[in-house]
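K.L.:
Below is a structure I'd like to ask you about.
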Amino acid sequence: MSKMNWKLMLAGVFVACAFGGIAIGIAWATTPLGFSSTLIAGPVALDEIHIVNQSPTHGVQIKTRGQWETRVVHIGIAPGGHSGWHTHPGPVFVMVEEGTVTLYDADDTTTGVDYPAGTGFVDPGGGQVHIARNNDEHIAVELVAMFLIPLGESPRIDAPAPE
């Protein structure tokens, strides 16, 4: 076989592997089930934030660099449904309005944390892969979430299911 044929064959193998890798990555992403998301407000662009609020018993600090945006979203998860495995590029402040959502982290897929109506949590974002499940077979979960994400980025990044 000539040197030119070898180069063409190797180039073809490389291209086939690259496309195969992309296809496998898409196939591994998990699709949400019984999940709906409705934009309530935003997206709204924000300048840099530097908030420090301290008292003798409480404190909070929020500091950003660069431009960010925020949006508020209503999320519904049907009985037995889930969000699919995903992450966020920035923090998400979540309030549970109805039902109980169970949050599972990719590092521990068997131990979930339950958040019933009237509670909430902050997802720190930044690549922490997780899934939100409605383990109840009768009651839907209703959430309100406020996303703080870098300007122009998607609020949700799909991820493959952990092994």
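The values are calculated or read from the model by the stated rules, or taken from the named source; none is laboratory data. Keep in mind the model is a prediction, meaning the values are calculated, not measured. For neighbour counting, all protein chains shown are included, and Cβ atoms are generated from backbone atoms with ideal geometry for every residue, glycine included. Note: areas computed on protein heavy atoms with side chains; ligands, DNA, RNA excluded. Shrake-Rupley method; radii C 1.70, N 1.55, O 1.52, S 1.80 Å.
K.L.:
Across the stretch 72-104, which residue is farthest from residue 40 (Cα to Cα) among those that are open to solvent by 20 Å² or more (accessible area, probe 1.4 Å) and of a type in the set (Ser, Thr, Tyr)?
P.N.:
Ranking the qualifying residues of the stretch 72-104, first place goes to 104.
K.L.:
A further question on this structure: Looking only at residues in the stretch 116-155 that are among the small types (Gly, Ala, Ser) and modelled with pLDDT of 95 or more, which one is most open to solvent (accessible area, probe 1.4 Å)?
P.N.:
By that ranking, first place goes to 118.
K.L.:
In the set 158, 107, which member is acidic (Asp, Glu), under 16 Å from the mean Cα position of the chain (by Cα), closer than 20 Å to residue 37 by Cβ and open to solvent by 60 Å² or more (accessible area, probe 1.4 Å)?
P.N.:
Exactly one residue qualifies, and that residue is 158.
K.L.:
With the condition kept exactly as written, say whether any residue in the stretch 27-34 is modelled with pLDDT of 90 or more, of a type in the set (A, V, I, L, M) and in a strand (DSSP E or B).
P.N.:
Yes, some residue in the stretch 27-34 is modelled with pLDDT of 90 or more, of a type in the set (A, V, I, L, M) and in a strand (DSSP E or B).
K.L.:
Looking at the stretch 124-163, which of its residues are part of a strand (DSSP E or B) and closer than 15 Å to residue 71 by Cα?
P.N.:
Correct list: 143, 144, 145, 146, 147, 148, 149, 150.
K.L.:
Given the structure, is residue 115 touching a His at 6+ places or on another chain (Cβ under 8 Å), closer than 21 Å to residue 33 by Cα and among the aromatic types (Phe, Trp, Tyr)?
P.N.:
The answer is no for residue 115.
K.L.:
Taking the options 125, 120, name whichever one is free of Cβ contacts under 8 Å to residues at least 40 places away in the same chain and under 11 Å from the mean Cα position of the chain (by Cα).
P.N.:
Of 125, 120, the one residue that is free of Cβ contacts under 8 Å to residues at least 40 places away in the same chain and under 11 Å from the mean Cα position of the chain (by Cα) is 125.
K.L.:
Quick one: is residue 66 closer than 21 Å to residue 154 by Cα, modelled with pLDDT of 90 or more, more than 17 Å from the chain's Cα centre (by Cα) and open to solvent by less than 50 Å² (accessible area, probe 1.4 Å)?
P.N.:
yes
K.L.:
Hey, can you tell me all the residues within the stretch 89-123 that are part of a loop (DSSP other than H, G, I, E, B) and under 12 Å from residue 77 (Cα atoms)?
P.N.:
99
K.L.:
Name every residue in the stretch 42-63 that is under 15 Å from residue 146 (Cβ atoms), in contact (Cβ under 8 Å) with a residue 12 or more places away in the chain and exposed (fewer than 10 other Cβ atoms within 10 Å of the Cβ), in order of residue number.
P.N.:
Once the filter is applied, which keeps residues that are under 15 Å from residue 146 (Cβ atoms), in contact (Cβ under 8 Å) with a residue 12 or more places away in the chain and exposed (fewer than 10 other Cβ atoms within 10 Å of the Cβ), the stretch 42-63 yields only 51.
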